[in-house]
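Below: one structure, written as structure tokens.
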Amino acid sequence: MDRPPYRQIADILRRHIERGRLAAGEQLPSEAVLIEHYGVARMTVREAIKELRTEGLVVAQHGKGVFVRSAPPVRRLASDRFARRHRQEGKSAFLAEAEAAGHVPSVDQIRVTNEAASAEVAERLGLKPRERVIVRARRYLADGRPVEVATSYIPESIAKGTAIAEVNTGPGGIYARIEEAGHELARFTEEVSARMPSPDERKALEIGSGSPVLTLVRTAFDTKGRPVEVCDTVKVATSFVLEYDVPAK
């Protein structure tokens, strides 16, 4: 069975991008040009562009047009992202990674609440059922494009009365404040999986229903072995490369 017209157009544009006929940073032909060239309806062209956006190949700039993505995905280097030097330089892990990839990072939709921990969060943090935690939910953007949503859970006994409970945590982010509270970070565990996004996640990340996401649940431990934070993250799969350095022991 023939592929739908919008997929055929997406295939052609994708090949042009992969072969360099449409270079990084170059603007795609306008909707009007594509409509005339392929003899299709406007909605067909929009569906083709939407497919390329979902794949992370192009980005739309409001009032300007659609452009081939000029910067590579954010490379998330696990062995370096939590290095203390980043916090000492006043940078969060995402800020350092995004800048290294040539993106302009930003954070929005920040929400801070004080809640009773769910059973799963309480277990991961070694808390009693329903013990209070500070919850920090936020959205991360690269060049103004949403790429990740993350929710951190920090025991109230650590976060209460600190900038962790404020919208602006200050230079170095959550981990800098946790260490200032007397909990020197020692190690992190991470669980990574992939799935399709929920409707709320699609809306927050501005992706289509066919675009997969990576989920990463991280637990941070201090030098005494106490879990001090759990972070539940959902990432646009096409926007990240996860790199791990594993010793061969």
Test: residue in the range 110-126 that is outside any helix (DSSP H, G or I), open to solvent by 30 Å² or more (accessible area, probe 1.4 Å) and more than 25 Å from residue 198 (Cβ to Cβ): yes
Residue within the range 134-144 that is open to solvent by 40 Å² or more (accessible area, probe 1.4 Å) and at pLDDT below 95 present: yes
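Just checking: which of the helices (runs of 4 or more DSSP H) contained wholly in the range 1-92 hold 1 or more residues that are surrounded by fewer than 14 Cβ atoms within 10 Å (Cβ to Cβ) and without any contact (Cβ under 8 Å) to a residue 60 or more places away in the chain?
Numbers: elements: 5-18, 31-38, 42-54, 78-81, 84-88.
Here the list reads 5-18, 31-38, 42-54, 84-88.
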The range 200-216, subset open to solvent by 20 Å² or more (accessible area, probe 1.4 Å) and without any contact (Cβ under 8 Å) to a residue 60 or more places away in the chain, residue nearest to the chain's Cα centre (by Cα): 214
Checklist (1) open to solvent by 50 Å² or more (accessible area, probe 1.4 Å); (2) among the basic types (Lys, Arg); (3) out of contact with any strand residue (DSSP E or B) (no Cβ under 8 Å at 6 or more places or on another chain); (4) over 30 Å from residue 55 (Cβ atoms) applied to residue 177, failing item: (1)
Leading residue by the ranking (most open to solvent (accessible area, probe 1.4 Å)) among those in the range 217-249 that are basic (Lys, Arg) and farther than 25 Å from residue 146 by Cα: 249
Boolean, residue 186 is out of contact with any Phe, Trp or Tyr (no Cβ under 7 Å at 6 or more places or on another chain) and either surrounded by 12 or more Cβ atoms within 10 Å (Cβ to Cβ) or within 28 Å of residue 83 (Cβ to Cβ) (or both): no
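Residues checked against (1) farther than 22 Å from residue 52 by Cβ; (2) hydrophobic (A, V, I, L, M, F, W, C); (3) in contact with an Asp or Glu (Cβ under 8 Å, 6 or more places away or on another chain):
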| site | (1), (2), (3) |
| --- | --- |
| 185 | yes, yes, yes |
| 190 | yes, no, no |
| 197 | no, no, no |
| 214 | no, yes, no |
| 221 | yes, yes, no |
| 232 | yes, no, no |
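The values are calculated or read from the model by the stated rules, or taken from the named source; none is laboratory data. Just so you know, these numbers come straight off a predicted model, no measurement behind them. Here Cβ is always computed from backbone atoms with ideal geometry, including for glycine, and neighbour counts include all displayed protein chains. Accessible surface areas use protein heavy atoms only, side chains included; no ligands, DNA or RNA. Shrake-Rupley method; radii C 1.70, N 1.55, O 1.52, S 1.80 Å.
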